Amino acid sequence: MSTRVGVVQFPGTNCEQDVAWAVKVLGGESEMLWHGDATVGTADAVVIAGGFAHGDYLRTGAIARFSPVMDAVAEFARAGGPVVGICNGFQVLCEAGLLAGALQKNAGLKFRCETVELRVETTATVLTRTAKTGQILRIPINHFEGNFVCDEATLKGLQENEQIVLRYVDNPNGSLDDIAGICNEGRNVVGLMPHPERASEAILGSDDGAVLLRSLL
Amino acid sequence: MTDDELSAIIDLLGRDPSDLELAMYSVMWSEHCSYKSSRKYLGRFPTEAPWVLVGPGEGAGVIDVGDGLAVALRIESHNHPSAVEPHQGAATGVGGIIRDIFSMGARPIALMDPLRFGPLDTPRNRYLVEGVVSGISSYGNSVGVPTVGGEIVFDPCYSANPLVNVFCLGVLPKTRLVLARAEGEGNLAVLLGASTGRDGIGGASVLASAGFDEPSTIGPGADKRPSVQVGDPFEEKKLIEACLALLDSGLAVGVQDLGAGGLSCAASETAAKAGMGMDVDLARVPRREPGMSPMEVMISESQERMLAIVTPEDLSEVLALCERWEIRASVVGRVTTTGRFRVYDGAFDAWGVPPAPAAAPSEDGSLPTFEVLCDVPGESLGDGPVYDRPVARPADQDSLVAADPLAVLAQRFPAGADAGPELLGLLSLPNIGDSSWVWRQYDHELFLNTVAGPGCDAAVLRLRETLPTPGDTPGSPGKALALTTDGKARFCLLDPRTGAALAVLEAARNVACTGARPMALVNCLNFGNPEHPEVMWQFSEVVDGMSDACRALGLPVIGGNVSFYNESGGADIHPTPVVGVVGLIDRLDSRIPPAALSAGEVIVVLGDTAAELGGSEWAAGRHGLLGGMPPSADLAAGVRLHELVAALVGERAVAGVHDCSDGGLAVALAEMAIGGGCGFTVAAEGSLAGLLPAAACFSESANRVVLAVETGRVDEILGRAAAAGVPAAVLGTAGGGRLVWTGAFDVSLADAETAWRDALPSALAGGVTPVG
């Protein structure tokens, strides 16, 4: 039986079909999880896909955290289930308190869509278990609010517990400590700004993202 | 509205129009909505081909691409709103074109934005660029449609009147194709999406159908800012999903977007196209504020609204689906057999129009009567006047054409002169330099289709729907689309007929460079004031030149848009027809050969070069010498070239390929060098040999493509070219860290790359100092 990935869809989410496609290309199955339903269905893993949930109004992720599905996601995460937030999904997980820190506007105050280099900092997470520490991955970013911030104590905790999962090789957005992705203390909840689904097939220019998504399957 | 137009309305109504009627005719008969100055000419375009499913006159043109799939495309302008309020003007342009595409049942999957601005040496032009790009970025990214290409071109003629054109493409199963028709007596017109406010009142008439007066101190048209609409991409994203879901469930008979002219236009058009009438009740229209007049409700251009025609039986299901997507849905109209377009205020509840309970008729069986605010023949609103405006070739056209820049340039740059500084100077022009500052702000990868994106000759999008189930047969080829937009206004100023043909040739050539065969064209015709006979001459010539080229290339024109009154203080812009061309790749199983060189490759140029400098970037852009004839547009040679290039690229017989256009061969070679991080050494061979070296470098002769070929395949390529009747010359080889054209220039790759990369960012920073 292949792994079944539940992909959360809020009004305004736009990467949900892309994640489902990449999962399928890599041999997994997927189902859509509607934001208004307080369940993760039969999913073995949950991905909160990118986009602009609820239009990103008020603040990225600020309204999405109140959608009924988030209660189910939080419960699933507490039980150790793998949860990954990509881009807007990362922002939602931070707002929901499932991950530390917050994402503010990019230094430079411009939206950035481009392929960047990432360094895998730990393989002890649900998203990097099939990668190698120190491995460099070429994966696109696509965001205006990807500049990770947190207080000093939180950063110290992230560093000491090896919760920084991915770092930018050449920081594109001003993120604290070059952070591109982090995990929770349980290492089963991961948020990252880059889009691994956009680098899942060579014809798209890079298949390095498959290294990450395959870890989920 | 003119006195003659008012008389025509009085004649057709047999009475004076009410205030509401007058306002509606005024919008619907505006230049923007009625095409009254251009309609006479538009019939000249070839519009048919066996694969055309829907031609001009609908929300979008649609072609059949096989495998049960169709592709919808459209291009539009949002020039004046963007001049007045660049961010919202551009954003709502994006929103409008997307609605045109999904109103046909297609999922919008790609946007492209051809932009024209004045030079970046004024703060105002820099503000316009920043605002327009941020508007496209914020709306397009958020609504979830990737922007995969476009153009950004600078010329003094656009300083007070920038051009913001928007192209959108969508994909649909052929079975979901729907036209905006209000069929079926008793069917209901449901208004979906945003509430109606006072924004965008007079967008079509006040803004789009008049020029700007003398620039005021706060910028041209600042007094018209209240006529610009405000966009909400989140509302639109929900509308896309809800409308496509309605069509997938077979719940809508027809769908129409609300654009220029608002509810007046959408409701009357859908009914008229079906040969039906419609009653509208203003009281059913959700509003943003109290106290709106009937006129304001009917002609408001509030964004993110659609009109769906549904049967009464399906209404509850339609309302439930809209609730799931959190969009408003309100029954505002009912289809009648009267042929009349009638507007009431408060009648529907009394008449029992759903969702109101059925009304109990009075004793004599009649329904309560209400004052009718508008009662006109439905088709008359969309049936505006057609003008045959005076046409005259400009008096200075002969002297313009006579001022060929070659003689002056030959004197300044005789044989033996160093063309290196000229090359670096061209690379540092914002028209030629790297445009990634723009497109890095656009999501160009959503939907995982983008195999070649912005910055390439043409964007290439795979059609995921044509791929086998992923995982089953990895790497299996599917179909793909190639998309580009092109327009060369300076060429059109010098000779509109040739310039229009050159735009078609360039677009088709860009598409051929990806291995695709051109399938369809849409055009956005940006011109000055149609009341100037010289502008109408330019228009007529452009339509003829474009029609000739499309006929020769077998390219049907499946849609278009005309934007007049692009003028300021009485000065018209250059005639700026922009074309969007889509091509089909039958089989895509690997990446497209890049516009890049690798060491050891042999450089071959296809096509002949003549000393054609009229309107070129070198003569006009760098040296300010705007005159002469544009390059000749040999249509038959173009057809031969496109077929050969598409075949070679499709077979992957070449390692690299690049269209040769702005800045000529030297710039094309430099771009390939920068793209591959590899220099070259070439010499003037073939048709280049006899020319003045600098002219050979920078001539913009049409019908040329540069190939990078592996050594072992050169003879094969030359043989194929000879057989196809396409001139070909081996120029030299790729390698090293310098760009060397024997007898013309020798510059370092690093210098060339710096000039090219810094061009736009440094101009935007306010420091326009071209190198050399």
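For the stretch B:605-623, indicate whether the set of residues that are surrounded by fewer than 20 Cβ atoms within 10 Å (Cβ to Cβ) and within 22 Å of B:MET546 (Cβ to Cβ) is non-empty. So far as the stretch B:605-623 goes, no, none of its residues is surrounded by fewer than 20 Cβ atoms within 10 Å (Cβ to Cβ) and within 22 Å of B:MET546 (Cβ to Cβ).
Entry remark, the stretch A:35-48: residues being within 14 Å of another protein chain (Cβ to nearest Cβ) and closer than 17 Å to B:GLY144 by Cβ number 1 in total.
Among residues of the stretch A:122-143 that are within 14 Å of chain B (Cβ to nearest Cβ) and of a type in the set (D, E, K, R), those with a Cβ under 8 angstrom from a residue that is surrounded by fewer than 24 Cβ atoms within 10 Å (Cβ to Cβ) and outside any loop (DSSP other than H, G, I, E, B), sequence gap 6+ or separate chain, pair up as A:ARG138/A:THR115; A:ARG138/A:VAL116; A:ARG138/A:GLU117; A:ARG138/A:SER206. Is at least one residue of the stretch A:92-103 facing another protein chain (nearest Cβ under 9 Å), free of Cβ contacts under 8 Å to residues at least 60 places away in the same chain, more than 13 Å from the chain's Cα centre (by Cα) and at positive phi? The answer is no, given that none of the residues of the stretch A:92-103 is facing another protein chain (nearest Cβ under 9 Å), free of Cβ contacts under 8 Å to residues at least 60 places away in the same chain, more than 13 Å from the chain's Cα centre (by Cα) and at positive phi. Looking at the stretch B:259-345, the helices (runs of 4 or more DSSP H) lying wholly inside it that each contain 1 or more residues that are out of contact with any Ser or Thr (no Cβ under 8 Å at 6 or more places or on another chain) and over 25 Å from A:PRO11 (Cβ atoms) sit at B:262-273, B:294-299.
What do you reckon, is A:VAL25 surrounded by fewer than 24 Cβ atoms within 10 Å (Cβ to Cβ) and within 14 Å of another protein chain (Cβ to nearest Cβ)? The answer is yes for A:VAL25.
So that you can scan it fast, the table gives a plain yes or no per residue for (1) crowded, with 20+ Cβ neighbours inside 10 Å; (2) more than 11 Å from chain A (Cβ to nearest Cβ); (3) small (Gly, Ala, Ser):
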site	(1), (2), (3)
B:GLY433	yes, yes, yes
B:SER436	no, no, yes
B:LEU448	yes, no, no
B:ALA458	yes, yes, yes
B:PHE491	yes, yes, no
B:GLU506	yes, yes, no
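Scanning the stretch B:420-430 for residues that are in contact with a helix residue (DSSP H, G or I) (Cβ under 6 Å, 6 or more places away or on another chain) and surrounded by fewer than 24 Cβ atoms within 10 Å (Cβ to Cβ) yields B:LEU424, B:GLY425.
Right, A:VAL211: away from chain B (no Cβ under 12 Å) and either surrounded by fewer than 21 Cβ atoms within 10 Å (Cβ to Cβ) or in contact with a helix residue (DSSP H, G or I) (Cβ under 8 Å, 6 or more places away or on another chain) (or both) or not? Judged against the criteria, A:VAL211 is a match. All conditions in (1) in a strand (DSSP E or B); (2) away from chain B (no Cβ under 12 Å) hold for A:ASP71, with the sole exception of (1).
In this entry, A:ALA79 is excluded by the filter for residues that are in contact (Cβ under 8 Å) with a residue 12 or more places away in the chain, more than 14 Å from every other protein chain (Cβ to nearest Cβ) and surrounded by fewer than 23 Cβ atoms within 10 Å (Cβ to Cβ). Of all residues in the stretch A:176-191, none satisfies the criterion of being over 13 Å from A:VAL120 (Cα atoms) and touching a Lys or Arg at 6+ places or on another chain (Cβ under 7 Å). Looking at B:VAL178, B:VAL153, just one residue is over 18 Å from B:THR92 (Cα atoms), touching a residue at least 40 places away in the same chain (Cβ under 8 Å) and in a strand (DSSP E or B), and that residue is B:VAL153. In the stretch A:157-187, the residue that is surrounded by the most Cβ atoms within 10 Å (Cβ to Cβ) out of those that are assigned to a loop (DSSP other than H, G, I, E, B) and in contact with a Ser or Thr (Cβ under 6 Å, 6 or more places away or on another chain) is A:ARG187. Just one of A:GLY12, A:GLY51 is crowded, with 24+ Cβ neighbours inside 10 Å, touching a Lys or Arg at 6+ places or on another chain (Cβ under 6 Å) and within 11 Å of chain B (Cβ to nearest Cβ); which is it? Exactly one of A:GLY12, A:GLY51 is crowded, with 24+ Cβ neighbours inside 10 Å, touching a Lys or Arg at 6+ places or on another chain (Cβ under 6 Å) and within 11 Å of chain B (Cβ to nearest Cβ), namely A:GLY12.
For the stretch B:732-758, give me the residue count where each residue is among the aliphatic types (A, V, I, L, M), buried (at least 21 other Cβ atoms within 10 Å of the Cβ) and closer than 19 Å to B:ILE603 by Cα. So the answer is 5. Is it the case, given these coordinates, that B:SER547 is in contact (Cβ under 8 Å) with a residue 40 or more places away in the chain and either farther than 23 Å from B:ALA60 by Cα or in a strand (DSSP E or B) (or both)? No; evaluated as a whole, the condition is false for this residue. Looking at A:GLY85, is it outside any helix (DSSP H, G or I) and either more than 14 Å from the chain's Cα centre (by Cα) or away from chain B (no Cβ under 14 Å) (or both)? Yes, satisfied. Where residues in the stretch A:188-208 are within 15 Å of the chain's Cα centre (by Cα), within 14 Å of chain B (Cβ to nearest Cβ) and not in a loop (DSSP other than H, G, I, E, B), which of them is surrounded by the fewest Cβ atoms within 10 Å (Cβ to Cβ)? That would be A:ALA199. Taken over the stretch B:102-140, the criterion of being over 18 Å from the mean Cα position of the chain (by Cα), buried (at least 24 other Cβ atoms within 10 Å of the Cβ) and on the phi < 0 side of the Ramachandran plot is satisfied by B:LEU128 alone.
Bear in mind that the values in this text are calculations on the coordinates, not laboratory data. Everything numeric in this text was worked out from a predicted model, so none of it was measured. Every residue, glycine as well, gets a Cβ built from its backbone with ideal geometry; the counts of neighbours run over all protein chains shown.
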